[in-house]
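Taking it in order: structure first as structure tokens, then the write-up.
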Amino acid sequence: MEITYIGHSCFKIKDKNITLVIDPYDPKIGYKLPKLSCDALLVTHNHFDHSYIQGVEGYRLLVDGPGEYEIGGCFIYGREVSHDSKGGAERGKVTMYLITLDGLNILHLGDLGCELSQEDLEKIPDVDVLMIPVGNKYTIDAKTAVKVISSLEPSYVVPMHYKTPDLTGIDGLSSVDEFLDEMGVENGVKKDLDKLVLNAKSDLDGETEVIVLKPTH
């Protein structure tokens, strides 16, 4: 399985049988959107920087809310969480997605705005790859992200939704370095990898490792 970071909160997940794309963004955020095609397109919420579905071709399944879905041996579980720390009163709800593919569990948290509840945690099995927003303002901040990571204990953490020089259409986000400092992994983190390649669950050593993927936009 290969996980490629397109940019912002957008990822492509691909194995030999199926391709998924999550949260394609409108190019007005400042990133170009490369040509994308997939079998299943997942959208966490209907904001312009997460739901540019017209930028993706060929999908047979559109997943844009809570529920259970299956396509080509890939199982997708969507669960509603808050976009803010006030139960959704400020920015509404988003859908986080647990994707089970090739025996691995991948959790994309969308624009999560608060810590996960105990009920949320009970609905989520062990997480192998966690895609987590770390930019603050519209999502959780670095300190809350560390708490969420501690509650889930994933094998790999891939930060997303943070400030970069090219992100000209969204103001006020924090950089990924603030999150890395909070995690205390500024020296041991793997940075600027082109993709995350996973072969089998048995290859995971159980220790949480932060991977900063290089965007392809």
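Each value in this text was obtained by applying a stated rule to the coordinates, not by laboratory testing. Predicted, not measured: the structure shown is a model, and the values here were computed from it. Cβ sites come from the backbone with ideal geometry, for glycine too, and all protein chains shown count toward neighbours.
Take the Cα pairs of the chain, get the Kirkwood Rh, then feed it into Stokes-Einstein at 25 °C and 0.890 mPa s and tell me D in µm²/s. Intermediate results must be reported in sequence, preceding the final value.
On the way: Rh = 17.0 Å.
Taking Rh from Cα pairs, D becomes 144 µm²/s.
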Span from the segment 6-77 Cα centroid across to the segment 135-200 one, whole angstrom: 20 Å
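Given the convex hull over the Cα atoms of segment 1-125, what projected area results after averaging over all orientations, in nm²? The partial results should precede the final answer.
Numbers: hull surface 30.1 nm².
The directionally averaged projection comes out at 7.5 nm².
Please compute the length gained on full extension between ASN46 and LYS86, using 0.36 nm multiplied by the number of residues separating them and subtracting their Cα-Cα distance.
12.5 nm
Please rank ILE140, ILE76, fewest neighbouring Cβ atoms within 10 Å first, as an exposure proxy. List each step's numbers first, then the result.
Details: ILE140 25, ILE76 21.
Fewest-to-most Cβ neighbours within 10 Å comes out as ILE76, ILE140.
What is the magnitude of the charge dipole of segment 65-213 about its Cα centre, with +1 placed on the Cβ of each Lys and Arg, -1 on the Cβ of each Asp and Glu, and no other charges, expressed in debye to the nearest 20?
Numbers: 13 positive and 28 negative charges, 73 e Å.
Roughly 340 debye, rounded to the nearest 20.
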Estimated inter-spin distance, LYS16 and SER150, nm [label 7 Å along Cα→Cβ]: 4.2 nm
Cut-off under 5 Å, modelled amide H: who pairs with GLU209 long-range: TYR156, VAL157
Rounded to the nearest 20 debye, dipole of segment 152-217 from Cβ charges on Lys, Arg, Asp, Glu: 300 debye
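Can you tell me, using C-alpha contacts under 8 Å and at least 6 residues apart, the relative contact order of segment 65-213 as a whole percent? Mind dumping the intermediate values first?
Numbers: 295 pairs, mean separation 25.8, N = 149.
Worked out over segment 65-213, it gives 17 percent.
Please report MET131, MET1 as a ranked list, fewest other C-beta atoms within 10 angstrom at the top and most at the bottom.
Values: MET131 28, MET1 20.
So the ranking, lowest neighbour count to highest, is MET1, MET131.
Go through LYS93/LYS190; LYS35/LYS214; LYS32/LYS190; LYS35/LYS201 and tell me which ones have a Cα-Cα distance over 26 Å in this structure.
On the way: LYS93/LYS190 32 Å; LYS35/LYS214 17 Å; LYS32/LYS190 24 Å; LYS35/LYS201 30 Å.
LYS93/LYS190; LYS35/LYS201, as the Cα separations exceed 26 Å there.
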Along each principal axis, Cα extent of segment 138-194, largest first, Å: 33, 25, 18
Over segment 32-84, relative contact order from alpha-carbon pairs under 8 Å, at least 6 apart, %: 31 percent
